[in-house]
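**Q** One structure, pasted below without further comment.
The values are calculated or read from the model by the stated rules, or taken from the named source; none is laboratory data. Please read these numbers as outputs of a predicted model, since none were measured by experiment. Note that each Cβ is placed from the backbone with ideal geometry, even for glycine, and that neighbours are counted across all protein chains shown. The area values use the complete protein model at the heavy-atom level, side chains included, leaving out ligands, DNA and RNA. Shrake-Rupley method; radii C 1.70, N 1.55, O 1.52, S 1.80 Å.
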Amino acid sequence: MKNNTLQLMVHGKDIGKTKAVIEYNGVKVKNSVSTGNDYLFVDLVIGNSAKPGMVSIDFMDKETVAVNYKYELKARLTGSAKRAGFTTADMMYLIMPDRFANGDPNNDDMPGMLEKADRTNPNGRHGGDIRGITEHLDYLSKLGVTALWCTPFLENNMPAYSYHGYAITDLYKVDPRFGTNDDYRMMVEAAHKKGIKVVMDMVFNHFGTNSYWMKNLPANDWVNQWPEFTRSNYRGGVITDPYRSQYDEKKMANGWFDVTMADFNQKNPYVAKYLIQNSIWWVEFAGLDGIRQDTYPYPDKEFMADWMLALREEYPNFNVVGEAWINYPPQISYWLDNKKNNDGYRSNLTHAFDFPLMMAIQKAFTENEGWDTGLARLYELLSQDFLYSDPSKLITFADNHDIERTFPVLKTPENVKMALAFLATTRGMPMIYYGTEALLDRGTLEGDPGKRKDFPGGWQGDEVNMFTGENLSPEQKDMKDYMSALFTWRKGNKTVQEGKLTHYIPEDGMYVYFRTLEKEKKSVMVIINNNEKYLKTLDTNRFEENLNGYKTGKDIFTGSQIKELSKIEVPAKSVKIIELQR
Ligand SMILES: [Ca+2]
Ligand SMILES: [Ca+2]
């Protein structure tokens, strides 16, 4: 590693009274520090001559060996320093593992795990697991998926409401109800064979209160302490607000996300080191292609910048997308790398989710067209991209596990298709939430369960099966085919992935834009028709600067030739995507 130091956290009765001694070629103990509370932090220097193997550590209480521990020094993964990360060429698919497919009913309940499976409880664990995902990689690949983000797999040994994975109780261990660490590593390997990258969901802001840490804190300031339980105000914009009060800022960053989620104090250098090492360990162990970092504005922002730097030092091409769930582009732009912020802050974060565009998408296709409604929302939002250091580093999406699903919001399959076509062709890298292709709605379920229904076909005995195609409604079959055609085409089209975006002010419910690779002389034309009634023809005169030099085109869905570009027919409530030809 570029950084040749390693800090071990050692926990055990009276371990803080000992000193670590190691005799191993190339490995030196630099320091052992007790923070009290039966913890010892041991700083190691791993020299170039060190070889992989079992490092024997004697914990000396004066002259006697109190404890001996064998720590495995692992070899690096081949080529790990060159990990490429996700790009605009990818389509990322988001899965909640508990809700996708139950590949192994035997792990639904596991000894030592407090919460048992209960599929009748909308907030309970339903049994989905790693094997369920690994077994269906072919399905994902055919859908056009090239990157997979799963909500956290790590142990959440909480008494209830643990299926979502965001109350982690062991940062080094996959939850046994999902599988083992090796199952996870093999899932990544299998995904890579199908051309699918894997992005790991990490949570540096908080951890589950049922962690052994809470019974005996590694340091008294391991978590942000309050005289009585204090929630975050969840107002992410406070951190960048030039008029913020210290009161609001402290509550935002140091308030707890929930009673079950203890707030890490990343200002403590041992916490900081622990989190940095943990992320690097997972990149190496599992062969990750990227990280999705939860609740980005909630941890200490200076620490987050340091973390990104440490990660990028080891993996210069590696990418991380931060969940800064904030409503306005300037607030998102603050968190993207290379932004020249007035307060001098540089995040080093490579990617961010485009929440403002998501909000625009959720309105654009159902509203009446007006000066600032309907398609104008997409146009206006994108016109603010000058705020971003690099808008191609935004991850675009229409919904996720925390937001109302696309179908119930957009109301008709036609609108969902339009949203998908927009995501596939505008700037950035698209992310699609599992079940969009199944037109999942919330049914009678209130709150989060309505956004996180079991994927049809993931459980034995499911009547509708998206994987095999059994009993799909005509609308579901049509949506799955549409998504697959759209993203399979996108997978092979560099112009739409990287081309320069030029768009035109929406007129008469029609929004037209182009993605162009100037050097290659290639261009893709996109026409969104948001009108309820059939609009026979689009007069293309005003797009001369983009159409100049092109004579014909090919409709990517039908494959049919468009012989005349001066007038193009676009059916109501649909998107036409045309590969222009010279
Ligand atoms: Ca299972
Ligand atoms: Ca925090």
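**Q** Over the chain, calculate the relative contact order: mean separation of alpha carbon pairs under 8 Å at least 6 apart, over the residue count, as a percent.
**A** 11
**Q** Follow-up. Assuming R0 = 45 Å, what is the FRET efficiency of residue 504 and residue 106, from their Cβ-Cβ distance, to the nearest 0.05?
**A** Rounded to the nearest 0.05, the efficiency is 0.20.
**Q** Considering only protein heavy atoms and a 1.4 Å probe, what is the carbon-and-sulfur percentage of the accessible area of the chain?
**A** Roughly 50 percent of what the probe reaches on the chain is carbon or sulfur.
**Q** For the range 269-323, what relative contact order do you get, as a whole percent, if you take Cα pairs closer than 8 Å and at least 6 residues apart?
**A** With pairs under 8 Å counted, the relative contact order is 49 percent.
**Q** Same structure again: Would you work out the charge dipole size for the range 1-150 about its Cα centre, treating the Cβ of every Lys and Arg as +1 and the Cβ of every Asp and Glu as -1, and quote it to the nearest 20 debye?
**A** In debye, rounded to 20, the range 1-150 gives about 660.
**Q** Report the relative contact order of the range 318-457, percent, no decimals, based on alpha-carbon pairs under 8 angstrom and at least 6 residues apart.
**A** Once divided by the residue count of the range 318-457, the mean separation gives 20 percent.
**Q** Follow-up question, since we're still on this one. For residue 197, go through the aspartates and glutamates and keep the ones whose alpha-carbon is under 14 Å away, minus same-chain ones fewer than eight residues off.
**A** By straight Cα distance, residue 197 reaches 90, 138, 189, 289.
**Q** Run the dipole for the chain about the Cα centre, Lys and Arg Cβ at +1, Asp and Glu Cβ at -1, nothing else charged, and hand back the magnitude in debye, nearest 20.
**A** Once rounded to the nearest 20, the dipole reads 1540 debye.
**Q** May I pose another question? On a 25 Å Cα-Cα criterion, which of the cross-link pairs 215/453; 480/554; 451/491; 521/567 come out too long?
**A** Beyond 25 Å between Cα atoms: 215/453; 451/491.
**Q** Please sort 17-25, 275-283 by packing, taking for each peptide the average over its residues of neighbouring beta carbons within 10 angstrom, highest first.
**A** Final packing ranking: 275-283, 17-25.
**Q** Would you please put 518-524, 134-140 in order of how densely packed they are, using the mean number of other Cβ atoms within 10 angstrom per residue and starting with the highest?
**A** My ranking of the peptides, most packed first, is 134-140, 518-524.
**Q** Classify the range 28-97: rounded, prolate or oblate, from the alpha-carbon gyration tensor (a ≥ b ≥ c, eigenvalue square roots; a/c under 1.5 rounded; otherwise prolate if a/b is larger than b/c)?
**A** prolate
**Q** Next up: Check cross-link reach from residue 573 to the aspartates and glutamates: straight Cα distance under 15 Å, and skip same-chain residues fewer than eight apart.
**A** 367, 369, 414, 507, 508, 532
**Q** Taking Cα centroids, how far is the range 1-62 from the range 219-254 in Å?
**A** Each part's Cα centre sits 34 Å from the other's.
**Q** With just the Cα atoms defining each centre, how far is the range 426-473 from the range 278-324? Give it in Å.
**A** Their Cα centres are 29 Å away from one another.
**Q** Something else: Picking from 57, 565, 75, whose Cα lies most toward the positive end of the charge dipole for the chain (charges on Cβ: Lys, Arg +1; Asp, Glu -1)?
**A** In the chain, that residue is 565.
**Q** Also, I was wondering about something else. Between residue 13 and residue 387, what's the calculated FRET efficiency when r is the beta-carbon distance and R0 is 51 Å? Round to 0.05.
**A** 0.40
**Q** For residue 445 paired with residue 582, estimate the spin-label separation in nm (one decimal), with each label point 7 Å from Cα along the Cα-to-Cβ line.
**A** With each label placed 7 Å out from Cα toward Cβ, I get 5.2 nm.
**Q** So for the range 10-159, if I pair up every lysine 8 or more residues apart or on another chain, how many of those pairs have alpha-carbons under 24 Å apart?
**A** 26
**Q** Sticking with this structure for a sec: Among 517, 383, 443, which residue has its Cα positioned farthest towards the positive end of the charge dipole of the chain, with +1 placed on the Cβ of Lys and Arg, -1 on the Cβ of Asp and Glu, and the dipole taken about the Cα centre?
**A** Among 517, 383, 443, the one farthest towards the positive end of the dipole of the chain is 517.
**Q** Same structure, new question: Antiparallel DSSP bridges in the chain: what percent, to the nearest 5?
**A** Close to 70 percent.
**Q** Placing +1 on the Cβ of each Lys and Arg and -1 on the Cβ of each Asp and Glu in the range 404-515, which of 499, 467, 479 has its Cα farthest towards the positive end of the resulting dipole?
**A** Among 499, 467, 479, the one farthest towards the positive end of the dipole of the range 404-515 is 499.
**Q** Lysine pairs in the range 253-348 with Cα distance under 19 Å, only those 8 or more apart or on different chains: how many are there?
**A** 4
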